[in-house]
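One structure is given below, encoded as structure tokens.
The values are calculated or read from the model by the stated rules, or taken from the named source; none is laboratory data. In this text, all values refer to a predicted model and were calculated from it rather than measured experimentally. With ideal geometry, Cβ positions are generated from the backbone for all residues, glycine too; neighbour counts draw on all protein chains shown. The area values use the complete protein model at the heavy-atom level, side chains included, leaving out ligands, DNA and RNA. Shrake-Rupley method; radii C 1.70, N 1.55, O 1.52, S 1.80 Å.
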Amino acid sequence: QVQLVESGGGLVQPGGSLRLSCAASGIIFRIYAMGWYRQAPGKQRELVAQISRSGDTNYADSVNGRFTISRDNVKNTVYLQMNSLNAEDTAVYYCNAAFYNANYWGQGTQVTVSS
């Protein structure tokens, strides 16, 4: 059974930082491209950052330079370091694992940026 379990969300003040983690099980983690997506109230889910199995990264323009995605193929975990957070970053953040037609999602973790 495939499981993606996100953690690290919470309430943070504008300008603050959070690190999200997504622990994967039930898949051969190292062959999967991993990604973080987010969905704000009333908006569609959008890509935040991706990391390929070889470590190549891709970021949404809105987070480029502030967020960093990384992966640990020993711990089967993908991370999202989020710095300089602002109110527009408030959303539920979802972890994604993709390999050809296999596509899995975590349950999401809430990130709220507010003073």
### the stretch 69-115: chymotrypsin sites (Phe, Trp or Tyr not before Pro) in DSSP loop, at most 10 other beta carbons within 10 Å
Tyr100
### Query
In the stretch 1-67, what is the volume of the convex hull around the alpha carbon atoms, normalised per residue and reported in Å³?
117
### Val5 paired with Gln44, simple spin-label distance in nm, labels 7 Å along Cα-to-beta-carbon
3.3
### Summary
Taking only protein heavy atoms and a 1.4 Å probe, the highest-to-lowest accessible-area order of Asp61, Asp89, Asp72 is Asp61, Asp72, Asp89
### Query
Of Ala91, Ala33, Ala60, which has the largest mean-square fluctuation in a 10 Å C-alpha GNM of the chain?
Ala60
### Message
Along the Cα→Cβ direction, 7 angstrom out, place labels at Thr112 and Arg53. What is the inter-label distance in nm?
### Response
4.0
#### Entry: Distribution of pairwise C-alpha distances over the chain, 5 Å bins, in %
2, 13, 25, 26, 19, 10, 5, 1, 0
### Message
In Å², and per residue, what accessible area does the stretch 1-62 have when probed at 1.4 Å with the other protein chains present?
### Response
58
### Cα-centred dipole magnitude for the stretch 25-86, charges only on beta-carbon of K, R (+1) and D, E (-1), debye, nearest 20
140
#### Entry: Estimated dipole of the chain in Debye, rounded to 20 [Cβ of Lys and Arg +1, of Asp and Glu -1, Cα centre]
220
### Query
Between the stretch 52-75 and the stretch 81-95, what's the alpha-carbon centroid distance in Å?
14
## Note on the structure
Expressed as a whole-number percentage, the relative contact order of the stretch 10-75 with C-alpha contacts under 8 angstrom and at least six residues apart is 23
## Note on the structure
Heavy-atom accessible area of the chain with neighbours in place, 1.4 angstrom probe: carbon+sulfur share in percent works out to 45
### Message
What are the ³J(HN,Hα) couplings of the stretch 42-58, residue after residue, when phi is run through the Karplus curve with 6.51, -1.76, 1.60 and θ = phi - 60°? Round to Hz, x for glycine and proline.
### Response
x, 10, 7, 5, 10, 6, 9, 7, 10, 9, 6, 5, 8, x, 5, 10, 8
